[in-house]
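Here's the structure we're looking at; comments come further down.
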Amino acid sequence: MKYQTVKGTHDILPDEVSRWRTVEEVVRRMMAAYHYGEIRTPVFEHTELFSRSIGQDTDIVGKEMYTFEDAGGRSLTLSPEGTAPVVRSYIEHGLGAKSPQVKLFYIAPMFRQENPQKGRFRQFHQFGMEALGPADAAQDVEIIALAMGIYRRLGLAGLSLRLNSVGCRVCRPGYRDVLRSFLEERGDRLCHDCRQRTQNNPLRVLDCKREECREQTRDAPLMSDHLCDECDRHFSRVRELLEQLELPYDLDGRLVRGLDYYTRTAFEVISGQLGAQDALGGGGRYDDLVEMLGGPSTPAVGFAAGMERLLLVLAQKDLVRPEPDTVDLFAVLLGARARDAGLKLLEQLRRRGIRAETDFLDRSMKAQMRAANRLAASYTVIIGEQELSKERLILKNMSEGQQEEMDLDEAVEKICRAMGSAAPKGEPSAGK
Ligand code: AMP
């Protein structure tokens, strides 16, 4: 059998990883600027956490979750999204009791059994943030500004921000009834899924991508015309504050998110670059979720964004390039004894933070020099039988071409000096 990645999953090879790291660094820097702390939750959770929070009648819970039973007979599910686990953790650790305002972010893999296509995978990655505590519209807008700021920092322009309000438990049930009656009148002209949604989750019909359903719902009543006074006020404030921050948005009365827990503000960030799967990310308020999962009533708002889609757009626009694969120094080792001496020397240099590579393949001098050039090494060290017999080595400055012979036991200090290594003694420098 030839082993391959499972359908809908993909490897991220070293070239590509450097792009991912660049994006992750921007995400982390921006999260720090807005004072969001990182949280890491397990990859799997009790199935019920997701079925209760995301909603039984959603695509995710209905058909996309990777659910399995472990040896103890527990039903477990690989996280299809990040909000429910964060809320579970917030409740479990009583984070709300420690601070009235808790702001968290994550970068993590997610799993959904969807039909793979461009920008849609079965294992994908999201970064996301959640702010628990504040009910104020300013918190919604802070999250939106942070999301848009990350994209801006990465050089993406021309994104559109779609905005809607999906109401709350006061006004949504009434609206749902109005919408259901409207849809029932058109029942036989809707697709099979939408006929079912009409009963279970009528708001999702507005989200159907099929042309026949879009046509039938063109004049459907919209939530934004049925908001209660408080939701209406909140929505106006969100819009005012977005305008104050000069963040343009498009109102989209049909925007309903695929997860049931949203209340009031719902938004999506769309890229024209992506084709059918055009949403880079989405979020909104979920004021009832903490309580629904057994915690104290706590308003909250969050956002989640797909990493693969973001990287697709960045690569298309050549905005984030892979970091070149380079080292500071390459050791050309000729013969078995030279390899032993080289290994020791390299270990000392690497402990001082110098990025060093060598060749344990016993290749020719020419092949090893080629490898040094490919890695753009600033210096090479050459150790051959002749040098070894004198307990010496040659250090070559690759850009200037000059070389110097030195004693093996002085080499570490001399090389570090020549390379101007600022690394503290005995410790590799962080990062590189
Ligand atoms: P959601 O959690 O469904 O609101 O999705 C938020 C974002 O995650 C989307 O806008 C996408 O960018 C990304 N996303 C969701 N599902 C997938 C998937 N199957 N493959 C790749 N990215 C996804």
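The values are calculated or read from the model by the stated rules, or taken from the named source; none is laboratory data. Since we're looking at a predicted model, the values are computed, not measured. Note that each Cβ is placed from the backbone with ideal geometry, even for glycine, and that neighbours are counted across all protein chains shown. These accessible areas exclude ligands, DNA and RNA; they are computed on the full protein's heavy atoms, side chains included. Shrake-Rupley method; radii C 1.70, N 1.55, O 1.52, S 1.80 Å.
Some observations on this one:
- Per-region count, region 143-161, residues of a type outside the set (A, V, I, L, M, F, W, C), closer than 16 Å to ALA305 by Cβ and open to solvent by 10 Å² or more (accessible area, probe 1.4 Å): 4
- Residues of region 287-314 that are within 12 Å of the ligand (Cβ to nearest atom) and under 22 Å from ASP260 (Cβ atoms): GLY302, PHE303, ALA304, ALA305, GLY306.
- Odd one out for GLU323, checked against (1) open to solvent by less than 40 Å² (accessible area, probe 1.4 Å); (2) outside the structural domain of LYS103 (by TED's automatic domain parsing); (3) touching a Ser or Thr at 6+ places or on another chain (Cβ under 8 Å): (1)
- Residues being near the ligand (Cβ under 9 Å from one of its atoms), at pLDDT 95 or above and not in a strand (DSSP E or B) - total across region 117-138: 2
- On the stretch given as region 89-127, residues that are over 18 Å from GLU38 (Cα atoms) and buried (at least 16 other Cβ atoms within 10 Å of the Cβ) total 10.
- Residue list for region 231-274, restricted to those being away from the ligand (no atom under 12 Å from the Cβ), out of contact with any Leu (no Cβ under 6 Å at 6 or more places or on another chain) and either open to solvent by less than 50 Å² (accessible area, probe 1.4 Å) or not assigned by TED's automatic domain parsing to the domain that holds LEU163 (or both): CYS231, HIS234, PHE235, SER236, VAL238, LEU241, LEU242, LEU247, ASP252, THR263, ARG264, THR265
- Residue in region 178-195 that is surrounded by fewer than 17 Cβ atoms within 10 Å (Cβ to Cβ), in a strand (DSSP E or B) and at pLDDT below 95 present: no
- Taken as a whole, region 64-74 holds at least one residue that is touching a residue at least 12 places away in the same chain (Cβ under 8 Å) and loosely packed, with under 14 Cβ neighbours inside 10 Å.
- Residue within region 24-34 that is of a type in the set (Phe, Trp, Tyr) and in contact with a helix residue (DSSP H, G or I) (Cβ under 7 Å, 6 or more places away or on another chain) present: yes
- Residues considered: GLY294, GLY275, GLY302. Of these, the only one that is on the phi > 0 side of the Ramachandran plot and in contact with a helix residue (DSSP H, G or I) (Cβ under 7 Å, 6 or more places away or on another chain) is GLY294.
- Residue ID - surrounded by the most Cβ atoms within 10 Å (Cβ to Cβ), chosen from residues in region 75-88 that are away from the ligand (no atom under 12 Å from the Cβ) and closer than 16 Å to TYR286 by Cα: VAL87
- Condition broken by PHE44, with the remaining ones in (1) within 30 Å of VAL290 (Cα to Cα); (2) within 16 Å of the ligand (Cβ to nearest atom); (3) open to solvent by 60 Å² or more (accessible area, probe 1.4 Å); (4) modelled with pLDDT of 95 or more satisfied: (2)
- Subset tally (residues that are assigned to a helix (DSSP H, G or I) and either among the small types (Gly, Ala, Ser) or crowded, with 19+ Cβ neighbours inside 10 Å (or both)) for region 281-307: 3
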